[in-house]
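Enquirer: Structure provided below as structure tokens; questions to follow.
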Amino acid sequence: PTGSKIQTNISARTAELLPKGTNFTSLLNVSPAVRSEPLSGGFQIDGASGSENTFVIDGQEVGNFRTGTLNLNNNIPFQFVQEVQVKSSGFEAEFGGATGGVVNVVTRGGGNQFRGEAGLEFRPARLQGNPRPFLNLTTFGPTAQTQQTIAEYIPVRKDEGTDFFPYISLGGPIIKDRIWFFGSYAPQFINVDRTVSLYPSAASGRDPATRQFVSTNTYALRQTNEYAFGRIDIQPFSRLRLNGTYLWNPIDVRGNLPSVSPFGT
């Protein structure tokens, strides 16, 4: 009765029951206020762009200092997350830097029983949707009087490769009812093989029925998103609880993929 705010809580139990990706932002659309908008900084909350939102993990603001959006390395896996709060209006003064919404993430901690989990998720390219073909207007003919213009669809090859998402977690007591620990390691291995076939430009004046690819080349991307997390909780007195967390999250990228456009170099 003393406050008015709109907030959606997504607990770990709720997350287990819903279809999702591997990182916590894949569940933000559970909140009625959130809409995915890649061209507006990732997520709109109550109509505000992603740059106007604040992203917080365990009390630490983790938004990009320049753009305000959430970097990939801070989009932590679900294995680290206990609860996600999406605050869309009326939120506390401590989040005063946000003019859109607040995404507040609380990480997991240990308890008086040892609990762990391990698993492997994978995402094969063959189960992904096909890319859209390119619609192109082509003008051909030896002279201006005999030139023709037709619309043609240029097919695009689907990327190959399988992504892997292994994880392992363990938590439990160091001293029962006093000190607990939790640790998790959940790397993400992204493997993409892209074959690009280039057409000659429309200025070549060749009939599309006889025009051949200029070249076909295959490129590889190997990306490793490292995610390692540790947490210690200490309760020296019944009314005092302390915790400390550590997140290791570098990203290693080998290779650079060109555009899938069939017109280029």
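The values are calculated or read from the model by the stated rules, or taken from the named source; none is laboratory data. Being a predicted model, the structure only gives us computed values, none of them experimental. Quick reminder, even Gly has a Cβ in these numbers, built from the backbone with ideal geometry, and neighbours come from all protein chains shown. Only protein heavy atoms, including side chains, enter the accessible area calculation; ligands, DNA and RNA are left aside. Shrake-Rupley method; radii C 1.70, N 1.55, O 1.52, S 1.80 Å.
Enquirer: Tell me the net charge near Ala220. Cut-off is 12 Å between Cβ atoms, Ala220 excluded, with +1 for each Lys or Arg and -1 for each Asp or Glu.
Expert: 0
Enquirer: Please compute one quarter of the surface area of the Cα convex hull for region 1-159 and express it in square nanometres.
Expert: It is 15.9 nm².
Enquirer: Still on this model: Determine the calculated [θ] at 222 nm for the chain from helices alone, applying -39500 (n - 2.57) to every DSSP H run no shorter than 4 residues and normalising by the residue count; nearest 500 deg cm²/dmol.
Expert: -500 deg cm²/dmol
Enquirer: Alpha carbon centre of region 48-114 versus region 1-28: separation in Å?
Expert: A separation of 11 Å, based on Cα centres.
Enquirer: For region 26-113, state which trypsin sites (Lys or Arg not before Pro) are in a DSSP loop and have at most 13 other beta carbons lying within 10 Å of their beta carbon.
Expert: Those satisfying the criteria are Arg66.
Enquirer: Here is a follow-up. State, in angstrom, two size descriptors of region 1-86 derived from its alpha carbons: Rg to one decimal place and Dmax to the nearest whole number.
Expert: Reported Rg and Dmax, both Å: 13.0, 39.
Enquirer: Still on this model: Can you tally the net charge around Val105? Count Lys and Arg as +1, Asp and Glu as -1, for every other residue whose Cβ sits under 10 Å from the Cβ of Val105.
Expert: With Lys, Arg at +1 and Asp, Glu at -1, the neighbours total -2.
Enquirer: At what distance in nm do the modelled label points of Ser36 and Arg178 sit from each other, each positioned 7 Å from its Cα along Cα→Cβ?
Expert: Going by the 7 Å Cα→Cβ label model, 4.8 nm.
Enquirer: I'm spelling it out carefully: the read-out is mean projected area of the Cα convex hull in nm², the candidates are (1) 19.4; (2) 17.4; (3) 18.5, and one was derived from this structure. Which label?
Expert: Computing mean projected area of the Cα convex hull in nm² and matching it to (1) 19.4; (2) 17.4; (3) 18.5 gives (1).
Enquirer: Then there's this: I want to check the label-to-label distance for Asp163 and Ala151. Put each point 7 Å from Cα in the C-beta direction and report it in nm to one decimal.
Expert: 3.3 nm
Enquirer: Can you tell me the accessible area per residue over the chain, all protein chains present, probe 1.4 angstrom, in square angstrom?
Expert: I get 59 Å² per residue for this part.
Enquirer: Taking 0.36 nm per residue of separation and subtracting the Cα-Cα distance, what length does fully extending Ser51 through Gln128 add?
Expert: 24.8 nm
Enquirer: Would you mind telling me the share, in percent, of accessible area of the chain contributed by carbon and sulfur at probe 1.4 angstrom?
Expert: Whole-percent figure for carbon plus sulfur exposure: 53.
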